[in-house]
Amino acid sequence: MSRRKHFDLGQHLAAGQLPMFMTGNEVKQHYGVIHGERMIKDEGYTEDEQTGWTVPKSNYRDYMENDKEFWTRKNKESDAKVREDDMVDKHKLPGMDEKLSLRQHFEKHGVINPIILETGTKDNVILQGYHRVASNPNTLMPVEHKTYEEEYGPYNPGKNH
């Protein structure tokens with residue numbers, strides 16, 4: 001199911017009318033990505049002279065993936081059946097079959113868990129649900145509007161996003 005063509009979501013958001021359902025494309029159009037979700041490209045790292053460790057350069061923000069690269073990565077991750085990093089537990093959905101990719105799970109069961117959106121700040125962002133947004137661009141999905149603190153607790157640099 002998708003929205004009718006003449007629906008102007010931007011006008012509704014500006015008026016404070018927060019929708020209960022949005023498509024992935026609508027979410028991407030009206031909400032940004034939390035800085036901590038973006039990956040640093042390889043050229044954004046350097047070797048520390050004292051330790052020999054690979055560390056981010058001081059201007060690492062210049063090497064962050066752009067929106068297109070970010071959404072391409074999230075879409076690709078949605079197709080992976082075996083996720084080799086901490087994504088497996090972090091993004092496991094209730095009742096998820098380990099043999100299915102996230103995309104296959106969504107195709108079989110639909111998107112049940114809402115996308116969590118921060119609304120009403122100068123930078124409206126997606127708090128939770130990047131893979132659901134990336135893999136369901138034209139599907140209406142449930143969304144919840146929360147503050148950062150409601151979703152994660154008090155802001156604590158270095159611990160939270």
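Every read-out reported here was derived from the displayed coordinates using simple, explicitly stated rules and does not represent laboratory data. These numbers come from a predicted model, not from an experiment. For neighbour counting, all protein chains shown are included, and Cβ atoms are generated from backbone atoms with ideal geometry for every residue, glycine included.
Amide H contacts for residue 23 (H built 1.01 Å from N in the peptide plane; partners 5 or more residues away or on another chain; cut-off under 5 Å): 141. Once amide H atoms are placed 1.01 Å from N in the peptide plane, what residues at a sequence separation of 5 or more from residue 125, or on another chain, have their amide H within under 5 Å of its amide H? Correct list: 32, 118. From most to least packed by mean Cβ count within 10 Å, the peptides 23-35, 110-122, 127-139 give 127-139, 23-35, 110-122. Going down the table (41/122; 28/74; 68/108; 68/122), which pairs top 20 Å between alpha carbons? Where the Cα-Cα span goes over 20 Å, the pairs concerned are 41/122; 68/108; 68/122. Near residue 110, once Lys and Arg are set to +1 and Asp and Glu to -1 for all other residues with Cβ below 13 Å from its Cβ, the sum equals +2. Run the quick spin-label model on residue 81 and residue 41: label points 7 Å from Cα toward the beta carbon, then report their separation in nm to one decimal. Calculated label separation equals 3.3 nm. Extension gain for residue 54 to residue 69 (0.36 nm times residue separation, less C-alpha to C-alpha distance): 3.2 nm. Taking amide hydrogens as placed 1.01 Å from N in the peptide plane, the amide H of residue 144 sits under 5 Å from those of 115, 116, 117, each at least 5 positions away in sequence or on another chain. For the stretch 59-64, the Karplus equation 6.51 cos²θ - 1.76 cosθ + 1.60, evaluated at θ = phi - 60°, returns couplings of 9, 4, 4, 5, 10, 6 Hz by residue, with Gly and Pro reported as x.
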